[in-house]
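Student: Structure below; questions to follow.
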Amino acid sequence: MNDSALLEVEDVWAGYIKDLDILQGVNFRILPGELVAVIGPNGAGKSTLAKTIFGLLTPHRGKITFKGENISGLKSNQIVQRGMCYVPQIANVFPSLSVEENLEMGAFIRNIALSPLKDKIFASFPALANRRNQRAGTLSGGERQMLAMGKALMLEPNLLLLDEPSAALSPLLVNSVFEQIKQINQQGTAIVLVEQNARKALAMADRGYVLDTGRDRFSGPGLDLLNDPKVAELYLGAGKAH
């Protein structure tokens, strides 16, 4: 374990079916305050890595350390209490509740006054402030994604795991969501960004990891990976985002 790492994944093997591991010896680390992108082709294990870090899957081998503590095998609710939040790609808001009620649900484990926290989230996401009494199910895709991130930020986590936040969004909304992600990171929250939009993710990341068939094939500063001919050829396509 590197003492300066906020999260360290060491030689982790994990999957959904016994003896059929999606992750096959993955190594990964993120420092406090970093924004680290995880990219790779479909089926590479990106979302599986996020779910394993967050305790939705239990590693069969290897170790996951968060803030110096081995969290391998802990349940998600125990991991949340240690300062990590996860925003899944789908089903990430309560559609029948209002925007404000969703934020309150996000802070369910906190025994503090929520108004200052909500005010902070609404200041960061002005589009949500204008819809605070609106049912979440009636929001646009981009607004739902922002609400999901805001809900997670109600816990003021040290680390935020975002699983494909730009999936199925229009290009305009993608830019808006990525801008919000950048702002969250600049306010001090470390972010693991699992993302199909590889070019955009690497362009804003401090560092990146390229997963392929369950292994970390490449890692390095985001811009270095973006400009690496081998990474571009294999994972970024001929001049267009994937």
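Student: At most 13 other Cβ atoms within 10 Å plus a DSSP loop assignment makes a site exposed; report the longest stretch of the chain without any exposed trypsin sites (Lys or Arg not before Pro).
Tutor: 111-239
Student: Which entries of 120/151; 120/182; 18/51; 118/151; 67/151 have Cα-Cα distances beyond 19 Å here? Write down the numbers at each step before the final one.
Tutor: Details: 120/151 12 Å; 120/182 16 Å; 18/51 16 Å; 118/151 9 Å; 67/151 22 Å.
Cα-Cα > 19 Å for 67/151; rest within.
Student: Which of 193, 117, 103 moves the most in a Gaussian network model of the chain with Cα springs under 10 Å?
Tutor: The residue that fluctuates most here is 117.
Student: List every residue whose amide H lies under 5 Å from the amide H of residue 208, counting only residues 5 or more places away in sequence or on a different chain, with H placed 1.01 Å from N in the peptide plane.
Tutor: Here 37, 220, 222 satisfy the definition.
Student: Oh, and also: For the chain, evaluate the Debye formula with one uniform point scatterer on each Cα (no solvent term) and list log10 I(q)/I(0) at q = 0.07, 0.10 Å⁻¹, rounded to two decimals.
Tutor: Treating every Cα as an identical point scatterer, log10 I(q)/I(0) equals -0.22, -0.45.
Student: While we're here: Helix 141-153 versus the longest principal axis of the chain: what angle, 0 to 90°, nearest 10, using Cα atoms?
Tutor: So the inclination is approximately 90 degrees.
Student: On to the next question. Helix 115-124: angle to the longest alpha-carbon principal axis of the chain, degrees 0 to 90, nearest 10?
Tutor: The answer is roughly 60 degrees.
Student: A follow-up question, please. Once fully extended, how much extra length lies between residue 101 and residue 167, figured as 0.36 nm per residue of separation less the alpha-carbon to alpha-carbon distance? Walk me through the numbers on the way to the answer.
Tutor: Values: separation 66, 0.36 × 66 = 23.76 nm, distance 2.45 nm.
Here the segment from residue 101 to residue 167 would lengthen by 21.3 nm.
Student: Tell me, what HN-Hα J-couplings in whole Hz come from the Karplus equation 6.51 cos²θ - 1.76 cosθ + 1.60 at θ = phi - 60° for each residue of segment 226-231, using x for Gly and Pro?
Tutor: 4, 9, 7, x, 5, 5
Student: Determine by what factor the alpha-carbon radius of gyration of segment 51-189 differs from 2.2 N^0.38 Å, reporting the quotient. Display every interim value, and only then the final one.
Tutor: Values: Rg = 15.2 Å, N = 139, 2.2 N^0.38 = 14.3 Å.
Computed over Cα atoms of segment 51-189, the ratio equals 1.06.
Student: Would you mind ranking 154, 105 by Cβ crowding within 10 Å, fewest neighbours first?
Tutor: Working: 154 22, 105 13.
Listed from fewest to most nearby Cβ atoms, that is 105, 154.
Student: Quick one, what does Rg over Rh come out to for segment 98-174 if you take C-alpha atoms and the Kirkwood Rh? Write out the running numbers ahead of the final one.
Tutor: Working: Rg = 12.3 Å, Rh = 12.8 Å.
Expressed as Rg/Rh, it is 0.96.
Student: OK, next. Grab every C-alpha pair in segment 19-75, bin the distances at 10 angstrom width from 0 up to the longest one, and report whole percents.
Tutor: 20, 55, 23, 1
Student: Work out from phi, with θ = phi - 60° and the Karplus expression 6.51 cos²θ - 1.76 cosθ + 1.60, the ³J(HN,Hα) of each residue of segment 34-46, listed in order in whole Hz, and give x for Gly and Pro.
Tutor: In residue order, the calculated couplings are 7, 10, 10, 8, 10, 10, x, x, 4, x, 6, x, 4 Hz.
Student: What nm value, rounded to one decimal, do you get for the distance between residue 224 and residue 94 when each label is placed 7 Å out toward the C-beta?
Tutor: That separation, rounded to one decimal, is 4.5 nm.
Student: Oh, and also: I need the phi-derived Karplus couplings for segment 183-198: 6.51 cos²θ - 1.76 cosθ + 1.60, θ = phi - 60°, integer Hz, Gly and Pro marked x.
Tutor: 5, 4, 5, 5, 7, x, 7, 6, 10, 9, 10, 8, 8, 6, 7, 4
Student: Would you calculate, for the chain, the mean residue ellipticity at 222 nm contributed by helices, counting each DSSP H stretch of 4 or more residues as -39,500 (n - 2.57) and dividing by all residues, to the nearest 500? Each step should come with its number before you reach the end.
Tutor: On the way: 9 runs with 77 residues, N = 242.
Calculated mean residue ellipticity at 222 nm is -9000 deg cm²/dmol.
Student: At what distance in nm do the modelled label points of residue 18 and residue 215 sit from each other, each positioned 7 Å from its Cα along Cα→Cβ?
Tutor: Distance between label points: 2.7 nm.
Student: Between residue 140 and residue 120, what's the calculated FRET efficiency when r is the beta-carbon distance and R0 is 22 Å? Round to 0.05.
Tutor: Working: r = 22 Å, r/R0 = 1.02.
Efficiency at R0 = 22 Å is approximately 0.45.
Student: Given H placed on each backbone N at 1.01 Å, which residues far from residue 61 in sequence or on other chains put an amide H within less than 5 Å of it?
Tutor: Here 13 satisfy the definition.
Student: Checking the a/c ratio against 1.5 first, then a/b against b/c, what shape does the Cα gyration tensor give for segment 125-220?
Tutor: Values: a/c = 2.19, a/b = 1.67, b/c = 1.31.
Prolate, since a/c reaches 1.5 and a/b exceeds b/c.
Student: OK, next. Name the residues whose placed amide hydrogens come within less than 5 Å of the amide hydrogen of residue 97, ignoring near sequence neighbours (fewer than 5 apart) on the same chain.
Tutor: Placed amide hydrogens put 136, 137 under 5 Å from residue 97.
Student: Also, quick follow-up: Would you look at the GNM of the chain, springs on alpha carbons closer than 10 Å, and say which of 198, 123, 107 moves the most?
Tutor: Highest fluctuation of the listed residues: 123.
Readers should treat all values here as calculations from the given coordinates under stated rules, not as data from a laboratory. Keep in mind the model is a prediction, meaning the values are calculated, not measured. Cβ atoms come from the backbone with ideal geometry, glycine included; neighbour counts cover every protein chain shown.
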